[in-house]
Amino acid sequence: MTTVEVREEDAFDVAAVHAWLTAKVDGLGDEPPHVRQFPGGASNLTYLLTYPDRELILRRPPAGHKAASAHDMRREYRVQHALKPVFPYVPRMLAFGDDESVLGGDFYVMEKLEGLILRGDLPAGLDLSADQARELSGKVVDRLVDLHAVDVGKAGLADLGKGAGYVERQIRGWSDRYVAARTDNVGDFAEVRSWLAENQPAEVKICLIHNDYRLDNLVLDGPATLNITGVLDWEMATLGDPLMELGSMLAYWVQADDDDVMKASRRQPTHLPGMFTREEFVARYAEKTGLAVGDWRFYEVYGLFRLAAVLQQLYRRYREGATRNPAFKNFWQFVGYLDWRCREIIAKGSV
C-alpha cells in the first residue's frame, strides 16, 4: 500500500501520540515512530506508524465540516473489536484514545494487515488472467455473503443499528445530506430523490452491513492466490438491508463496457477481462443468499445517488476551505453526471 508524506493540514504531534501509545502497547521502544499517510480514502484519515520491528495503523477524523453521524472512532473501534472472534477478516485493535490533549479528538490504533490491496490499475508486475479475475470477483461476492451471515447477537452488536425502517431512513437521510451539501454548480437531484422516496421496496432482511464494501477496501493474501484476508474501513458499519449495501458497493464497480465518464471514475481494476459485470455480481449474490432482488433499478439508483451525496459533501468541504486535498476539486462535475445516469436508469422501466 502506497503512502505519502503527511499533508500539512493532517499533521499531528507524533511525540504525544507515541507517549500515549507506549502506555497502552508493550515493546514499542523509546523513539517515536516514523509517520506517513495513506492518500486513499476520502473520509477518515489513516496513517502508518513505523517502529523498528513493527508497523501500526492510526485512524482519526479530519478537521473541518463533518456529517453529524460520521467519523465515530469509538464506534469503529468497537465494531472491529467485537467482530474479530466471529468474522476474522478485521485487523486486531490495540488501543482507543479519547484524550483530546493527544490528538484533539477520538482516534484508535490497530495492527497493520499485511497483503495486497488493488487500487486503480494493477501494480507493476502483477497480471491477472481472465480466469483469475473471474475467480477473484466470486471471492469478493462470497466474502460479502459471509459478512451478511454474521450472528450479530453472538458478536455483541445487536444494538449497532436501528433495525427495521432502514430503507426509508437511508433515502431520507442521504436526501437531506445532499440538499445540505449542495452548491450552486450542481443540480438538485429532485427527480431522483422523489423517485427513490416513492419506490422503496420492503426490506429483505436486517443484518450486519459494512456500508463501504469495495474491492479497494479488501486485503488479499498475495498475487498467487488472491484470497481475501481482510476487510478495512468499518466507520459506516451498521445493521441494515443487505441489498442496499449491494447497490452502494456496485456504484463503484466500473465495468469494461461503461461509458467514458464512468470509466474515468474508476478506482478499482474491475474493468479487467474476466471480472464480473454488475449483473453477474448481483446474480451470484442472490444465488448464494437465496434473497429475491426484485426491481434492481431501485438499488442501483440508490447506490449512485448515495455516491453523489458523498462526493458532494467532500466537494463542499474543499470549496469552503476545510480541506486542500486536490482530489476533491472536480467532484462536482461527476456529481452532475451521476444525476443524469440515475435518471437514465429510472427511464428504462422495470425489468
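The values are calculated or read from the model by the stated rules, or taken from the named source; none is laboratory data. Since the model is a prediction, treat every value here as computed from it, not as a measurement. Note that we place each Cβ from the backbone using ideal geometry, even for glycine, and neighbour counts take in every protein chain shown. The accessibility values were calculated without ligands, DNA or RNA, using every heavy atom of the protein model including side chains. Shrake-Rupley method; radii C 1.70, N 1.55, O 1.52, S 1.80 Å.
Find the all-direction average of the projected area of the Cα convex hull for segment 214-315, expressing the result in square nanometres with one decimal place.
On the way: hull surface 31.1 nm².
It is 7.8 nm².
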So what is the relative contact order for segment 271-351, in percent, with contacts set as C-alpha pairs under 8 Å and at least six apart?
-> 31 percent
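Give the residue list of trypsin sites (Lys or Arg not before Pro) in segment 129-196 that are DSSP loop and have at most 16 other beta-carbon atoms within 10 angstrom. Don't skip to the end; give the middle numbers.
Numbers: sites: R134, K139, R143, K154, K162, R169, R172, R177, R182, R193; in loops: K162, R182.
Answer in residue order: K162.
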Quick one: accessible surface of D151, probe radius 1.4 Å, all protein chains present, in square angstrom to the nearest 10.
-> 90 Å²
Using eta = 1.567 mPa s and T = 4 °C, Stokes-Einstein with Kirkwood Rh from Cα pairs puts D for segment 189-238, in µm² s⁻¹, at 93 µm²/s
What is the Cα coordinate range of segment 148-209 on the first, second and third principal axes, sorted by size from largest, in whole angstrom?
-> 48, 23, 15
Viscosity 0.890 mPa s, temperature 25 °C, Stokes-Einstein D of segment 269-351 from Kirkwood C-alpha radius, µm²/s | 164 µm²/s
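Going by accessible area, probe 1.4 Å, with all protein chains left in place, what is the ranking of D176, D241, largest first? Display every interim value, and only then the final one.
Values: D176 95, D241 0 Å².
The ranking, largest first, comes out as D176, D241.
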Determine Rg/Rh for the chain; Rg is computed over alpha-carbon atoms and Rh is the Kirkwood hydrodynamic estimate from the same atoms.
-> 0.95
Can you pull the percent of the chain's accessible area that's carbon plus sulfur, 1.4 Å probe, other chains left in place?
-> 49 percent
Which of G240, T3, G165, positive extreme of dipole for the chain (C-beta unit charges) = G165
Accessible surface of M262 in the full protein assembly, 1.4 angstrom probe, to the nearest 10 Å²?
-> 0 Å²
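About its Cα centre, how strong a charge dipole does segment 138-216 have in debye, to the nearest 20, once Lys and Arg get +1 and Asp and Glu get -1 at the Cβ? Present the calculation step by step, with values, prior to reporting the outcome.
Details: 11 positive and 13 negative charges, 36 e Å.
The dipole magnitude comes to about 180 debye.
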For segment 18-160, just the Cα atoms, rotate onto the principal axes and tell me the three extents in Å, largest first.
-> 51, 42, 35
Show the residues, 5+ positions off or on another chain, whose built amide H is closer than 5 Å to the amide H of R36.
-> L48, T50
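Can you give the Kirkwood hydrodynamic radius of segment 148-276 from its Cα pairs, in Å with one decimal?
Working: mean 1/r = 0.0585 Å⁻¹.
For segment 148-276, inverting the mean 1/r across all distinct Cα pairs yields 17.1 Å.
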Counting sequence-distant residues (5 or more places) and residues on other chains, those with an amide H built under 5 Å from that of N227 are D221, G222
Among A292, P39, A149, the residue whose Cα sits farthest towards the positive end of the charge dipole of the chain (+1 at Cβ of Lys and Arg, -1 at Cβ of Asp and Glu, taken about the Cα centre) is A292
For segment 182-192, just list the computed ³J(HN,Hα) in residue order, Karplus coefficients 6.51, -1.76 and 1.60, θ = phi - 60°, integers in Hz, with x standing in for Gly and Pro.
-> 4, 10, 6, 9, 10, x, 9, 6, 4, 4, 5
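So what is the accessible area of the chain per residue, in Å², with the probe set to 1.4 Å?
Details: 15690 Å² over 351 residues.
Ligands and nucleic acids excluded, the figure is 45 Å² per residue.
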Per-selection metrics, segment 74-132 (Cα): Rg and Dmax in Å = 16.8, 52
Karplus couplings for segment 118-123 from phi (6.51 cos²θ - 1.76 cosθ + 1.60, θ = phi - 60°), rounded to Hz, Gly and Pro as x?
-> 8, 10, x, 9, 4, x
Determine the order of T270, T2, T277 by accessible area, beginning with the largest, at a probe radius of 1.4 Å.
-> T2, T277, T270
For K24, counting only aspartates and glutamates whose alpha-carbon sits under 16 Å away and dropping same-chain residues fewer than eight positions off, the answer is E55, D98, D99, D106, E111
Over the heavy atoms of S129, what accessible area does a 1.4 Å probe trace out, to the nearest 10 Å²?
-> 50 Å²
Listed residues E8, E191, E235, E100 arranged by accessible area, highest first, probe 1.4 Å | E8, E100, E191, E235
